[in-house]
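Encoded as structure tokens, the structure appears first; notes follow it.
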Amino acid sequence: MKTMSISALVLATATSILAAPSPVVPALEPLQLTNLNAAIYSTSPPTTCLLSFALKDPNTNTDTKCSAYWSIGMPGNKTYNCSDKAYQLHLPNGIYDIENIDLGVSRADGTESGRSVVSGDLWKCEKQEYPKAQCKWDGIFSLDVAPST
């Protein structure tokens, strides 16, 4: 009898723990990047790329501008503050190809971050005399973000 009541107590406790509602974390809206463009201006090594965009965070109702200079082919993980220093632009793999850029954006306090590769049909690139090459995103680039862990 004692064994049965202890088993019943353990089962009841486990059931109530499993049935307890877990806290609901609201989904974050994607960051909206507009005027996303990259250009290569220098014609002699090291070839330098300028990446820039305007950022709107619908989760905080914040607008800011972000930009970075990067020497093509320079390895490494680099972080740049945006105009509003609460946001940071990341180039986790550097820039090796202006037509295929791996970028990330995060809040400096670590509450949200997102990463994506900018490439594809909406990333319109053209080679020219000056700047040497230029790419522009056709429309709004949506960058999915998640709470940082």
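The HN-Hα couplings worked out from phi for the stretch 65-75 by the Karplus form 6.51 cos²θ - 1.76 cosθ + 1.60 (θ = phi - 60°) are 10, 10, 7, 7, 9, 8, 7, 4, x, 6, x Hz, whole numbers, x standing for Gly and Pro. Residues within the reach of a label modelled at ASP109 (point 7 angstrom out along Cα to beta-carbon, backbone nitrogen below 19 Å), restricted to the stretch 120-149, are 145-149. Computed from point charges on the beta carbon alone (+1 for Lys and Arg, -1 for Asp and Glu), the dipole magnitude for the stretch 69-149 about its Cα centre is near 220 Debye.
Spread over its residues, the convex hull of the C-alpha atoms of the stretch 16-149 is 123 Å³ per residue. Between THR60 and SER83, the contour length at 0.36 nm per residue exceeds the alpha carbon distance by 6.7 nm. Taking a sphere under 15 Å around the Cβ of SER148 and counting the other residues whose Cβ falls inside, with K and R at +1 and D and E at -1, yields a net charge of -2.
Computed across the stretch 88-149, the Kirkwood hydrodynamic radius from all distinct Cα-Cα pairs reaches 13.0 Å. Taking Cβ atoms as reference points and 12 Å as the exclusive limit, the residues near TRP123 contribute a net charge of -3, counting Lys and Arg as +1 and Asp and Glu as -1.
Readers should treat all values here as calculations from the given coordinates under stated rules, not as data from a laboratory. Remember, predicted model here, so these are calculated numbers, not experimental data. Cβ atoms come from the backbone with ideal geometry, glycine included; neighbour counts cover every protein chain shown.
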